[in-house]
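See structure below.
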Amino acid sequence: KSEYEFLTGLNMDLLPNGYNPYVQYLHSNGVDSLVTKMKDLGYTATAIHSYQGEFFDRWRVYEQLGFETFVPYECISGIEKRTGKIWANDEILISEINAALDSTAGGDFVFTVTVQLHGNYLPYEGDYENEISNFDDEELASKLTYYLSELELFDKTIENLVKSLEQREEPTYVLFYSDHLPSLFYGVDEMSDDEKFTTQFFTWDNLGLEKQSDKHIELYQLSTYMFDTLD
């Protein structure tokens with residue numbers, strides 16, 4: 001649903017409660033989107049996702065949204081899964097993003113969906129320098145340790161992605177956003193939807209854009225914000 005809002009600029013609040021546009025409409029129907037707009041501007045559009053292409057019918061949906069190429073889990077060489085889990089590590093996405101950029105001579109729009117920080121969170125095993133030890137609930141402390149260790153790896157992935165894009169010396173703008181908080185908190189049932197689904201977004205660019213002040217916006221407005229920022 002968050003992908004739908006970002007890629008179409010349409011608000012899920014205007015659709016029936018429980019409606020999933022990917023599996024109930026977009027799997028077999030085309031729609032104008034951020035993707036088709038970028039293609040109209042001359043960009044090649046690629047979607048990358050380090051999970052199975054059939055999940056939420058993405059292999060059909062991305063075509064209906066206008067993507068020319070979709071690279072799912074099944075097509076990523078050398079991908080590694082976390083021990084005992086179905087989620088893959090995200091570092092591999094850097095080479096896939098660069099492969100997409102290398103595949104064309106012109107501009108590229110690359111939409112990448114990561115999975116490494118998804119739960120459920122396993123109790124952490126082994127030594128970790130930032131292990132949490134001041135919780136009465138040892139199981140929760142172990143899960144938090146596991147999450148933080150994965151978050152550290154993902155943070156390193158962001159750093160390495162930016163470094164690789166800097167080396168390309170091409171005009172580049174990257175927008176990072178998340179769809180919800182991790183399910184790790186005490187009192188999560190008492191949290192409002194606003195609290196559960198309010199996350200940070202941030203950008204990186206080598207275009208010389210002026211640093212923006214913090215903003216609070218709805219996700220369906222985020223792609224419009226990106227277009228406004230890039231003029």
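The values are calculated or read from the model by the stated rules, or taken from the named source; none is laboratory data. Source: prediction; values computed, not measured. Here the Cβ is made from the backbone with ideal geometry for all residues, glycine too, and neighbour counts use every protein chain on show. Note: areas computed on protein heavy atoms with side chains; ligands, DNA, RNA excluded. Shrake-Rupley method; radii C 1.70, N 1.55, O 1.52, S 1.80 Å.
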In the stretch 92-209, carbon and sulfur make up what percent of the accessible area (probe 1.4 Å)?
-> 48 percent
Quick one: net charge of LEU10's neighbours, Cβ under 13 Å, K/R +1, D/E -1?
-> -4
Degrees separating the helix 92-102 axis from the principal Cα axis of the chain, which is the longest one = 10 degrees
Where the only charges are on Cβ atoms (+1 Lys, Arg; -1 Asp, Glu), what is the dipole of the chain about its Cα centre, to the nearest 20 debye?
-> 760 debye
Mind checking the dipole of the stretch 25-116: about its Cα centre, +1 per Lys or Arg Cβ, -1 per Asp or Glu Cβ, Debye to the nearest 20?
-> 240 debye
Can you give the accessible area per residue of the stretch 1-87, in Å², using a 1.4 Å probe?
-> 54 Å²
From zero up to wherever the largest Cα-Cα distance of the stretch 155-221 sits, split into 5 Å bins and tell me the percent of pairs in each.
-> 3, 13, 20, 17, 17, 13, 9, 5, 3, 0
